[in-house]
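Take a look at the structure below.
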Amino acid sequence: MSIAANLTELKNEVERLHVKLIAVSKTKSEEEIMEAYNAGQRVFGENQVQELADKYEHLPKDIEWHLIGHLQTNKVKYIAPFIHLIHSVDSLKLLKEIDKQASKNNRVIDCLLQIYIADEETKFGLGFDEAIELLRSDEFAELKHIRITGVMGIATNTDNEKQIKDEFYELRTFFTGLKHSFFRNQDHFKEVSMGMSSDYKEAIKQGSTMIRVGSTIFGKRGS
Ligand SMILES: *Cc1c(COP(=O)(O)O)cnc(C)c1O
């Protein structure tokens, strides 16, 4: 099927469930992205800063860009002028740099705390305790140019459906706990970014509000 057809089918499936679809366009060409754009998609996710900045330059300015991959502190400045949401905040140090660069750009940048839920050492993210410690810290309280709008997680890459379900359930439960402890009456704290091509259906069952889907829309990636 074409990119446009894949996209339309997926949108029909998830948007009636009020789940936001982030089309993950990493490694895909500007032509391929434009095919999705022309089919109505405006929200795209990338995992590399350089690739994201290049695509931002060349593609229509009404695209909402999300960074979903690991972010190094020294690269924040390249995306700070335009990024819509950073899904991958995994340290206070990074958050402080985002705050600094956002301030330089007269912006408030929305961020998700990436929480480590997988049973894989290669995945990034804060542990539950680390996320709580960050939110409790005085340094966090001083940051005025970032806004935490929720959490993100990546489940283990496994065929074990029970394990994936449990990991998503844990993330959703943790989100609810944070909401009660730190973001009471703060309507902006509402996002749970979880689910990719292989597991988005289960993620939605477990309360995802944003799914990050690449290959189901664009086809398999080369590498
Ligand atoms: C690549 C990527 C996705 C999308 O993966 P697909 O399996 O192609 O849907 C989602 N989230 C993150 C963090 C990614 O790096």
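Brief remarks follow.
- The local environment of LYS179, defined by Cβ-Cβ distances under 13 Å, has a net charge of +1 under the rule Lys, Arg +1 and Asp, Glu -1.
- Net charge over other residues, Cβ less than 13 angstrom from the Cβ of PHE124 (K, R count +1; D, E count -1): -3
- With distances taken between every two different alpha-carbon atoms, the chain has a Kirkwood hydrodynamic radius of 17.8 Å.
- Fewest-first ordering of GLU51, GLU120 by other beta carbons within 10 Å of each residue's beta carbon gives GLU120, GLU51.
- The slack between GLU133 and GLU15, meaning 0.36 nm per residue of separation minus the straight C-alpha distance, is 39.0 nm.
- If you plug the beta carbon distance of THR73 and GLU170 into 1/(1 + (r/R0)^6) with R0 = 35 Å, you get a FRET efficiency near 0.80.
- Relative contact order, percent, segment 3-218 [alpha-carbon distance under 8 Å, six or more residues apart]: 20 percent
- Among MET34, MET1, MET196, sorting on how many other beta-carbon atoms sit within 10 Å of each Cβ, with the fewest leading, yields MET1, MET34, MET196.
- Direction-averaged projected area, Cα convex hull, segment 30-134: 7.5 nm², rounded to one decimal.
- P(r) tail, segment 91-223: Cα-Cα pairs separated by more than 27 Å, 24% of all pairs.
- In this structure, the pairs whose alpha-carbon distance is over 25 Å, taken from LYS96/LYS179; LYS20/LYS75; LYS11/LYS61; LYS144/LYS165, are LYS20/LYS75; LYS144/LYS165.
- Inter-site label distance for ASN185 and SER215 at 7 Å from Cα along Cβ, in nm: 4.7 nm
- R0 of 30 Å, Cβ-Cβ distance LYS61-ALA5: FRET efficiency to nearest 0.05: 0.70
Here, each number is a calculation from the coordinates, and none is a lab measurement. Model, not experiment: these values are computed from the prediction. Glycine also receives a Cβ, built like all others from the backbone with ideal geometry; neighbour counts cover every protein chain displayed.
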